[in-house]
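Since the structure comes first, as structure tokens, the remarks are kept for the end.
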Amino acid sequence: MIPELGHYALVLALALGLIQSAAPIVGARGRDGALMRLANSTALMQFVFVALSFLALTICYVTSDFSVATVFENSHSLMPLIYKITSVWGNHEGSMLLWVLILSLFGALVAAFGANLPATLKAHVLAVQSWIACAFYLFILLTSNPFLRLAQPPVEGRDLNPILQDPGLAIHPPLLYLGYVGFSIAFSFAIAALIEGRIDAAWARWVRPWTLAAWIFLTVGIAMGSYWAYYTLGWGGFWFWDPVENASLMPWLAGTALLHSAVVMEKRNALKIWTILLAILTFSLSLIGTFLVRSGVLTSVHAFATDPTRGVFILAILMLFIGGGLTLFAWRASMLKQGGLFAPVSREGALVFNNLFLTTACLTVFIGTLYPLALEALTGEKISVGAPFFNLTFGPLFVALMFAMPFGPLLAWKRGDLLGVAQRLMTAFAIGIVTVAITFAVEGGQSVLAPFGVGLALFVMLGALIDLVERTGLFRLPLATVRHRAAGLPRSTWGTAIAHFGIAVSMLGIVCAATWGTERIISVKPMQSVSLSGYEFSFDGLVQRQGPNYNALVAKFTVRSGGVPIGTMEPSKRSFSARGMTTNEAALMSRALGQLYVSLGETNDDGSIAVRLYYKPMVLLIWFGAVVMMLGGALSLSDRRLRIGAPKPAAKSALAPAE
Amino acid sequence: MTRKQRRLVLIGASLGVLAVAAALVLSALRDSIVFFNSPTDVAEKHISPGTRMRIGGLVKAGSVERGDNLLVRFAVTDGKTDIGVRYQGIVPDLFREGQGVVAEGKLEPGGTLAADTVLAKHDERYMPREVVDALKKSGRWQEGEVQGAGGRPR
């Protein structure tokens, strides 16, 4: 009964979506307030019905109802409750349902909090949002129905892919989807503006908080995914330039560019057309990401060709929205009025620089990800484009971007003084250069690029601090004045500085862990010791342990530093009988900002076991940096000026940090 | 500065950055991509030693030999041709005789591949796509064998 209810709720959501796709537009044409307001109720109700549908599927998983095909395929009655819940989205059908759940959530949020949007703009936005929703409801109902029943219900399920039985999976996809799908709002706003043929600074002020919120989720989602890969895949790597990862990086790059260009539009009423285009492109990249991950095209171009229903459907959605969006853009963009003038050396100029490099970097990732697919589809030739390609193309562009980053916030709007800014950054630059020299001397010239990376990261961090110091007048004004000025600074200024600081922190982590990390791959016997970077690992032996739905083979290591025991590490291998699979559980031990990492290979008959040992200095900075970026974004989002639904300074009560 | 001049500066800068990016992409594509071959391709194409490539196929039954320091030697077969692979390190959990495998490395003068990466299938249902294609080419692939999702599951 419950799966049928869930299915029915989704059909109802589709029906509401169809109404919402048309009614508000008709209403906006005829200035019919009632018709336009209808979209508010339908948007809220769509969310309610999709949520009910999602709840129904969750109940099927929690109660292990194996008469439902997807539950049988992806669940097991012995799994812990948390994994029963996460397996709802640990497969294609369920993850698409999560996708539309988040999509309808965003639609409902616009309906609920967009009270002070102009009526026609809101009507158009909700209609466009509903077009996207309907396309995906149809996709789920026609090609990926999660509620399909099996005629003869099996007694036991086939278990969730063991790699996915991890707390990381519990939070990673929902966060990523909140980011991906959040950009749909920016897209809907852009299309609505093109339909209306009117756009102004207020538009940017409405769009920015949504984009910022999506960006925050995407940032954390990508960082979570990277940490999850780091500890589950057992190679100690944190980024593999895998197409699935690139699929989430591309919208992040475009979204970051969009955040920055929306600032120019909001403050200076310039770059309007470009901002609209970026909003369309960012969501298009989210759709492309969904296509890459969900169509099976990555597994095999041939598999895609032999069972094309899903892939072709998503491809059609892709064409419709990207093609439609860009066509509308080409047709209507010229109607938008040109904005304010600015000199190339100015804050606007710096933000254009940012956009240029971010979008170009995004383009190189796009080429690297899609070129092998295109080549195979066209010529049948198979190639793999890996880390070296991306390091050579994305790397230099990002370095240029990082170097320019401290200059931007210090430049004035309209016409900036590059020399003055350079003078103010002199201290940071000098410290950066000294750091390069010291690092180079200390590591003895092993790597030429790494010291520059460290120096650059430090330069960006100090640059962000200098921005704050300049604005608050620290070191040159009395402390009371400084405090007053600091309190008076807009939160978005703090947010900018903190987010810029954060990306430099991540960069520092990446450079250090990649360059000065050490590793040993060795076969050890019980009671044997291995040393790595001043740490001594002694292997105490193997133990068997029983988990809820797996058997674990645990290797115990005692770790000593300078002869003093500092703890034990217990990497393990889990074998899951339901799928006959083993997973590797690496053991991690944090030492300051670095980590020791042990993962297991195969066991031999003589009782020895192959192990991988890693020491990754500063590796935690990679993810701390992402958290700092998130905090910067959140602080900026809480800026009164940008608070969702409060475009103008509101009454005193609105000052409470609601977010 | 007039609007026209500003636009020229913008377009010039954009073209400049794009040109740099295009140069980077082209040079990286020339130097850092790796072609995939089946064992039969390697034999037929007369690939010169020192070339970096990927090969895929099945681990030939009875071919796995282990040496000191985690040295592993095995043969990859597509049913027609075999190619020897030498690898030092930890092979994946699902590396077994008769199962699908992809190895990446440099071809040595003797015709063996000195691999630095060995990938096996992710679970019982998944077969690396290169392996499937290699087997299909040599006619050893039976339709109907299940394929699961590949790469990193999400």
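The values are calculated or read from the model by the stated rules, or taken from the named source; none is laboratory data. All values derive from a computational prediction rather than experimental measurement. Methodologically, a virtual Cβ is constructed for each residue, glycine included, from the backbone with ideal geometry; neighbour enumeration extends over all protein chains shown.
Return the residues of region B:13-25 that are more than 9 Å from chain A (Cβ to nearest Cβ) and closer than 11 Å to A:PRO396 by Cβ; say none if nothing qualifies.
Matches in region B:13-25: B:ALA23 only.
Checking the structure you have, find out if any residue of region A:29-37 is over 27 Å from the mean Cα position of the chain (by Cα), within 30 Å of A:PHE576 (Cα to Cα), among the acidic types (Asp, Glu) and not in a helix (DSSP H, G or I).
So far as region A:29-37 goes, no, none of its residues is over 27 Å from the mean Cα position of the chain (by Cα), within 30 Å of A:PHE576 (Cα to Cα), among the acidic types (Asp, Glu) and not in a helix (DSSP H, G or I).
For A:SER104, are the conditions met, namely being under 27 Å from the mean Cα position of the chain (by Cα), of a type in the set (Ser, Thr, Tyr), closer than 24 Å to A:LEU38 by Cβ and part of a helix (DSSP H, G or I)?
Yes.
Pull up region B:79-100, narrow it to residues that are over 20 Å from A:THR603 (Cβ atoms) and assigned to a strand (DSSP E or B), then point me to the one that is modelled with the lowest pLDDT.
Step by step, filter region B:79-100, then rank; the result is B:GLY100.
Counting only residues that are closer than 30 Å to A:ILE510 by Cα, part of a helix (DSSP H, G or I) and touching a residue at least 60 places away in the same chain (Cβ under 8 Å), which one in region A:372-387 is nearest to the other protein chains (Cβ to nearest Cβ)?
It comes out as A:ALA387.
Based on this model, can you work out whether B:VAL34 counts as within 26 Å of B:ALA120 (Cβ to Cβ), within 9 Å of chain A (Cβ to nearest Cβ) and not charged (D, E, K, R)?
Answer is yes for this residue.
Taking region A:471-492, which residues are closer than 25 Å to A:THR256 by Cα and either free of Cβ contacts under 8 Å to residues at least 24 places away in the same chain or surrounded by fewer than 17 Cβ atoms within 10 Å (Cβ to Cβ) (or both)?
Answer for region A:471-492, where residues must be closer than 25 Å to A:THR256 by Cα and either free of Cβ contacts under 8 Å to residues at least 24 places away in the same chain or surrounded by fewer than 17 Cβ atoms within 10 Å (Cβ to Cβ) (or both): A:ARG471, A:LEU489, A:PRO490.
Which one of A:LEU449, A:LEU462, A:LEU458, A:LEU468 is at pLDDT below 90 and within 20 Å of A:MET405 (Cβ to Cβ)?
That would be A:LEU449, the only listed residue that is at pLDDT below 90 and within 20 Å of A:MET405 (Cβ to Cβ).
Taking A:ALA555 as the residue in question, decide whether it is within 30 Å of A:LEU462 (Cα to Cα) and either assigned to a strand (DSSP E or B) or in contact (Cβ under 8 Å) with a residue 24 or more places away in the chain (or both).
Against the criterion (within 30 Å of A:LEU462 (Cα to Cα) and either assigned to a strand (DSSP E or B) or in contact (Cβ under 8 Å) with a residue 24 or more places away in the chain (or both)), A:ALA555 does not qualify.
So A:ILE510 ticks every box in (1) more than 14 Å from chain B (Cβ to nearest Cβ); (2) part of a strand (DSSP E or B) but one. Which box is left unticked?
Result: A:ILE510 passes all but (2).
Filter region A:238-270 down to the residues that are in a helix (DSSP H, G or I), among the polar types (S, T, N, Q) and closer than 23 Å to B:SER14 by Cα, then identify the one that is modelled with the lowest pLDDT.
Out of the qualifying residues, it is A:SER261.
List the number of the failed condition for A:PHE183; all other conditions in (1) within 11 Å of chain B (Cβ to nearest Cβ); (2) in contact with a Ser or Thr (Cβ under 6 Å, 6 or more places away or on another chain); (3) under 30 Å from A:LEU281 (Cα atoms) hold.
A:PHE183 satisfies every listed condition except (1).
Output yes when any residue across region A:13-36 is hydroxyl-bearing (Ser, Thr, Tyr) and crowded, with 24+ Cβ neighbours inside 10 Å, and no when none is.
Checked against the condition, which is being hydroxyl-bearing (Ser, Thr, Tyr) and crowded, with 24+ Cβ neighbours inside 10 Å, region A:13-36 yields no hits at all.
Out of A:ILE222, A:ILE195, A:ILE273, A:ILE191, which single residue is part of a helix (DSSP H, G or I), over 23 Å from the mean Cα position of the chain (by Cα), aliphatic (A, V, I, L, M) and within 13 Å of chain B (Cβ to nearest Cβ)?
A:ILE273
Check A:GLY107, A:GLY94 and return the single one that is within 14 Å of chain B (Cβ to nearest Cβ) and crowded, with 16+ Cβ neighbours inside 10 Å.
A:GLY94 is the lone residue from the list that is within 14 Å of chain B (Cβ to nearest Cβ) and crowded, with 16+ Cβ neighbours inside 10 Å.
So which of A:GLY408, A:GLY349, A:GLY323, A:GLY368 ends up being free of Cβ contacts under 8 Å to residues at least 12 places away in the same chain and more than 7 Å from chain B (Cβ to nearest Cβ)?
The conditions single out A:GLY323.
For region A:591-619, name all the residues that are surrounded by fewer than 19 Cβ atoms within 10 Å (Cβ to Cβ) and either within 25 Å of A:HIS500 (Cβ to Cβ) or under 25 Å from the mean Cα position of the chain (by Cα) (or both).
A:ALA592, A:LEU593
Of the residues A:VAL460, A:VAL421, A:VAL436, only one is in a helix (DSSP H, G or I), touching a Gly at 6+ places or on another chain (Cβ under 7 Å) and crowded, with 18+ Cβ neighbours inside 10 Å; which?
Selected residue: A:VAL436, the only one of A:VAL460, A:VAL421, A:VAL436 that is in a helix (DSSP H, G or I), touching a Gly at 6+ places or on another chain (Cβ under 7 Å) and crowded, with 18+ Cβ neighbours inside 10 Å.
Across region B:83-96, what is the total count of residues that are buried (at least 19 other Cβ atoms within 10 Å of the Cβ) and more than 10 Å from every other protein chain (Cβ to nearest Cβ)?
Going through region B:83-96 one residue at a time, the tally reaches 3.
Please state which of the following conditions A:SER523 fails to meet, knowing it meets all the rest: (1) crowded, with 19+ Cβ neighbours inside 10 Å; (2) touching a strand residue (DSSP E or B) at 6+ places or on another chain (Cβ under 7 Å); (3) polar (S, T, N, Q); (4) farther than 22 Å from B:ILE90 by Cβ.
With (1) crowded, with 19+ Cβ neighbours inside 10 Å; (2) touching a strand residue (DSSP E or B) at 6+ places or on another chain (Cβ under 7 Å); (3) polar (S, T, N, Q); (4) farther than 22 Å from B:ILE90 by Cβ applied to A:SER523, the lone miss is (4).
Can you tell me which of A:PRO209, A:PRO243 is touching a residue at least 60 places away in the same chain (Cβ under 8 Å), more than 14 Å from every other protein chain (Cβ to nearest Cβ) and either under 22 Å from A:THR393 (Cα atoms) or more than 14 Å from the chain's Cα centre (by Cα) (or both)?
Among A:PRO209, A:PRO243, only A:PRO209 is touching a residue at least 60 places away in the same chain (Cβ under 8 Å), more than 14 Å from every other protein chain (Cβ to nearest Cβ) and either under 22 Å from A:THR393 (Cα atoms) or more than 14 Å from the chain's Cα centre (by Cα) (or both).
Note down all Cβ pairs under 8 Å where the first residue falls in region A:529-547 and is without any contact (Cβ under 8 Å) to a residue 60 or more places away in the chain, the second is of a type in the set (D, E, K, R), and they're at least six residues apart or on different chains.
Matching pairs, first to second residue: A:SER529/A:GLU536; A:GLU536/A:ARG560; A:SER538/A:ARG560; A:ASP540/A:LYS556; A:GLY541/A:LYS556; A:VAL543/A:LYS556; A:GLY547/A:ARG574.
With B:PRO49, B:PRO109 as the choices, which residue is touching a Leu at 6+ places or on another chain (Cβ under 7 Å), more than 12 Å from chain A (Cβ to nearest Cβ), assigned to a loop (DSSP other than H, G, I, E, B) and of a type outside the set (D, E, K, R)?
B:PRO49
Got a sec? Which of B:LEU10, B:LEU29 is at the interface with chain A (Cβ under 10 Å from one of its Cβ atoms), under 28 Å from A:ALA387 (Cβ atoms), free of Cβ contacts under 8 Å to residues at least 12 places away in the same chain and assigned to a helix (DSSP H, G or I)?
Answer to the selection: B:LEU29.
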